[in-house]
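Visitor: Sharing a structure here in structure tokens format.
The values are calculated or read from the model by the stated rules, or taken from the named source; none is laboratory data. Only a predicted model underlies this, so the values are computations on that prediction, with no experimental measurement involved. Here the Cβ positions follow ideal geometry from the backbone for every residue, glycine too, while neighbour counts run over all protein chains shown.
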Amino acid sequence: MNTLYSRSIALPLVGLLAGIGMSATQGCDNDLAAQCGLSCDSEAFINGQASISGVASIDAFFGAALDLDATMRGVSGELRAELDAIGASVGLSPGASGAELSAAIDAHLGLYVDGGLTIDYQPPRCQASVEATLSAAAECDVEADPGQLTVSCSGSCAAEAGVEVDCGAEATLMCEGTAPNLECSGTCSGSCVADLTAAASCDGTCRGTCEAGGSTMDGFEGRCNGMCTGECAVDVSAGASCSGRCEGSCEYTAPEGGCEASATAHCEANAGASIECDAGCEGTAEPPQVSAECEASVDAKASASLECTPPTLAFGFQFNGAAQGDLQAQAEFRAWLEGFRGHFGAILALRARGEVVAEAAGNLAAAASGAVQGAVDDLSASGDLKASVGAACALGQLPAAADALASSSGALAGNLTASAEVVAAFGG
């Protein structure tokens, strides 16, 4: 699987090598180029340099390839680190496969709970940098007017809290943070707490008095397998309503006067609408109009800027007979579960980001044999000596770009596969 994925990036670049090789040698006398002081740096790409041909639209391709290579390696390494951390918590050595991790996690859960562990969550929230997208467009397409470049967003655009914000007729101003007085009129992520003045069952953490098995425990905090009096705190994933106190994060429609300074604010596009963004876009971002040879490079730069936030996880489990009467075992499991929460949430966010950059890498490879090929052909056919040398320089660096993308995409594909097996074990 990794080999096929790597070839999907490498093969179009190999085709581009042949195409540029034919065009770059036309009209370019090597001796004359040397006399004019025109030469190529044979190690430019591997040294992190994107200015290779001297033409913005072609060099933007190399810049995007450098960014994607670094991003894919970073995401792959972070994914592996999170997988290894989970593996270490269940007795595995680093580098375990997805199947090995899933089996070890299942065995560990069997020591404490019946029926396994359920995990409820919303998809990770990802936001691309509008600034990075606009900057990439302006750098690649020199004919574009920077003042006219905009990004349309079908989702939400970040806004500044604590100031008056006008989202226009196509969007609604939303706030996210601690709910006023902990009363969430929108949706809650985290812990929803209900007051229990009379004994009742609690499908969460009981804080107060727990009556179970014929005994009464005051000052109790934990899972009560009986009746609870006091407070019941239930973990809820993003998008859930909370009739009690939201002790996590609440997303709600902004009151008159806007969001509080401590909250984050964003303009949420109405159904079917797109709004212009000048900050971060969460959702589907439509990049600005640029020349054909710049489209994939701009998309790649935007994808490399993507940041994804781990979602709130809501766990469900039932202690088995051995653990029900063993408070030490319950404490051990809850401590393990909190560590697992952080690693699993991070994996979900990294997977979301990794899938986007992997797709962008494939699109960039396709552009190399299409629109970028055309730009190089035009460069070589211009009759300009400097331009022809620039085309030859681009030709010389394409193998390095192809190798880098093939290597990083292969490593990322392997860790995406392993993480997918772990996530699938919990119904994801």
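Visitor: Could you go through region 302-312 and let me know if any residue there is of a type in the set (D, E, K, R) and modelled with pLDDT under 90. So that I can check it myself, show each step before the final result.
Guide: Here is the first cut: in region 302-312, the residues of a type in the set (D, E, K, R) are 307.
Narrowing further to those that are modelled with pLDDT under 90: none.
Among the residues of region 302-312, not one is of a type in the set (D, E, K, R) and modelled with pLDDT under 90, which makes the answer no.
Visitor: Going by the conditions given, is S89 closer than 24 Å to R351 by Cβ, modelled with pLDDT under 50 and assigned by TED's automatic domain parsing to the domain that holds R353?
Guide: Criteria not met by S89.
Visitor: Here is a list: A304, A300, A271, A261. Which entry is among the small types (G, A, S), touching a residue at least 60 places away in the same chain (Cβ under 8 Å) and surrounded by fewer than 17 Cβ atoms within 10 Å (Cβ to Cβ)?
Guide: A261
Visitor: Which number in (1) over 30 Å from T205 (Cα atoms); (2) among the hydroxyl-bearing types (S, T, Y); (3) buried (at least 16 other Cβ atoms within 10 Å of the Cβ); (4) modelled with pLDDT of 95 or more marks the one condition that T417 misses?
Guide: Failed condition: (3).
Visitor: Give region 31-58 a look and list any residue that's at pLDDT 50 or above and polar (S, T, N, Q), or say none.
Guide: S39, S42, N47, Q49, S51, S53, S57
Visitor: Could you list all residues from region 127-148 that are among the aliphatic types (A, V, I, L, M), part of a loop (DSSP other than H, G, I, E, B) and buried (at least 18 other Cβ atoms within 10 Å of the Cβ)?
Guide: A144 - this is the single residue of region 127-148 that is among the aliphatic types (A, V, I, L, M), part of a loop (DSSP other than H, G, I, E, B) and buried (at least 18 other Cβ atoms within 10 Å of the Cβ).
Visitor: So C246 fits all but one of (1) surrounded by fewer than 18 Cβ atoms within 10 Å (Cβ to Cβ); (2) touching a residue at least 60 places away in the same chain (Cβ under 8 Å); what number is the exception?
Guide: Among (1) surrounded by fewer than 18 Cβ atoms within 10 Å (Cβ to Cβ); (2) touching a residue at least 60 places away in the same chain (Cβ under 8 Å), C246 violates only (1).
Visitor: From the list A161, A194, A169, exactly one residue is of a type in the set (G, A, S) and at pLDDT 90 or above. Which is it? Please lay out each step first, then the result.
Guide: Numbers: A161 fails: at pLDDT 90 or above; A169 fails: at pLDDT 90 or above.
Residue meeting the stated conditions: A194.
Visitor: Let me confirm something: among P311, P287, which residue is surrounded by 21 or more Cβ atoms within 10 Å (Cβ to Cβ), in contact (Cβ under 8 Å) with a residue 12 or more places away in the chain and closer than 30 Å to H108 by Cα?
Guide: P311
Visitor: Does S89 qualify as being closer than 26 Å to S191 by Cα and either of a type outside the set (G, A, S) or surrounded by fewer than 21 Cβ atoms within 10 Å (Cβ to Cβ) (or both)? Outline the logic, then answer.
Guide: On the way: closer than 26 Å to S191 by Cα: yes; either of a type outside the set (G, A, S) or surrounded by fewer than 21 Cβ atoms within 10 Å (Cβ to Cβ) (or both): yes.
For S89, the condition - closer than 26 Å to S191 by Cα and either of a type outside the set (G, A, S) or surrounded by fewer than 21 Cβ atoms within 10 Å (Cβ to Cβ) (or both) - is met.
Visitor: Taking L109, is it more than 19 Å from the chain's Cα centre (by Cα) and closer than 24 Å to P310 by Cβ?
Guide: Here the answer is yes, as L109 does meet what is asked.
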